[in-house]
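The values are calculated or read from the model by the stated rules, or taken from the named source; none is laboratory data. Note that the coordinates shown come from a computational prediction; the quantities given were computed from them, not determined experimentally. Counting neighbours? That spans all protein chains shown, and the Cβs are built from the backbone with ideal geometry, glycine included. For accessibility, only protein heavy atoms count, side chains too; no ligands or nucleic acids. Shrake-Rupley method; radii C 1.70, N 1.55, O 1.52, S 1.80 Å.
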Amino acid sequence: MKAIGYYESLPIDDDNALVDLEMDKPEPSGRDLLVRVKAVSVNPVDFKVRMRKAAENDVPVILGWDAVGEVIALGNDVTLFQPGDEVWYAGAVNRQGTNSEYHLVDERIVGAKPKSVSDAQAAALPLTTLTAYEMLFDRLRVNDPVPGAAPAVLIIGGAGGVGSIAIQLLRAMTD
């Protein structure tokens with residue numbers, strides 16, 4: 001399979017900062033889905049990982065978190081998806097990334113791709129949406145009442161990915 005990755009952390013203007021790779025197609029096991037990747041997005045975390053994580057044992061690092069694709073094979077313990085299902089997800093930090101033709105992902109962090117958006121549009125959402133959701137509802141707990149305070153949240157500078165999604169989540173999921 002084709003992939004884009006690197007062997008060493010180099011300045012982005014170096015010819016070897018990101019390289020075209022030919023790798024074996026991964027085999028799913030356990031709760032893994034093998035996804036034929038149709039669209040990915042680039043996040044600031046890709047830059048941060050690329051500058052700090054080196055390849056080990058001559059295995060290149062493949063970046064990428066967000067992906068949209070089609071399930072083409074299943075591990076033995078998969079119960080939530082079938083081949084042919086269209087899915088979207090943000091991958092895991094302890095696995096190879098999504099910048100490849102095929103990607104293994106645990107079914108428990110995958111959702112059915114919404115039919116109302118294109119592959120490219122859907123690929124732009126998982127990591128920013130998870131970040132905004134966890135910030136608002138898990139960390140800040142915006143649905144918990146604050147004695148003596150109005151139920152309000154003010155977002156300043158919400159034009160970026162996380163901010164724009166946070167505004168939409170607040171409108172959809174709170175009063």
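Per residue, the stretch 2-173 exposes 61 Å² of accessible surface when a 1.4 Å probe is rolled over the protein heavy atoms with every protein chain present.
The stretch 76-109 and the stretch 1-35 have Cα centres lying 15 Å from one another. Positive-end ranking of Leu169, Pro114, Leu21 along the dipole of the chain, with charges on Cβ about the Cα centre, is headed by Leu169. Assuming charge only on the beta carbon of Lys and Arg (+1) and of Asp and Glu (-1), the dipole of the stretch 1-86 about its Cα centre is about 240 debye to the nearest 20.
Annotation: average projected area of the stretch 2-173 is 12.4 square nanometres, based on the convex hull of Cα atoms across all directions. Here the contact order of the chain, divided by its residue count and restricted to Cα pairs under 8 Å and six or more residues apart, works out to 22 percent. Helical runs (DSSP H, four residues minimum) scored at -39500 (n - 2.57) apiece and divided by the length of the chain put the mean residue ellipticity at 222 nm at -5500 deg cm²/dmol.
To the nearest 0.05, what FRET efficiency results for Ile155 and Thr79 with a Förster distance of 25 Å applied to their C-beta separation? Working from the Cβ atoms, E equals 0.05. Only alpha carbons enter this Debye calculation for the stretch 90-143, each as an equal point scatterer, and the log10 of I(q)/I(0) it gives at q = 0.13, 0.17, 0.30 Å⁻¹ is -0.42, -0.69, -1.24. Surface composition of the chain: carbon plus sulfur atoms contribute 53% of the solvent-accessible area (1.4 Å probe, protein chains only, all chains present).
Within the straight-line cut-off of under 27 Å between alpha carbons, the lysines reachable from Lys53 are Lys2, Lys25, Lys38, sequence neighbours fewer than 8 places apart in one chain being disregarded. Axis angle, to the nearest 10 degrees, between helix 161-173 and the longest C-alpha principal axis of the chain: 50 degrees.
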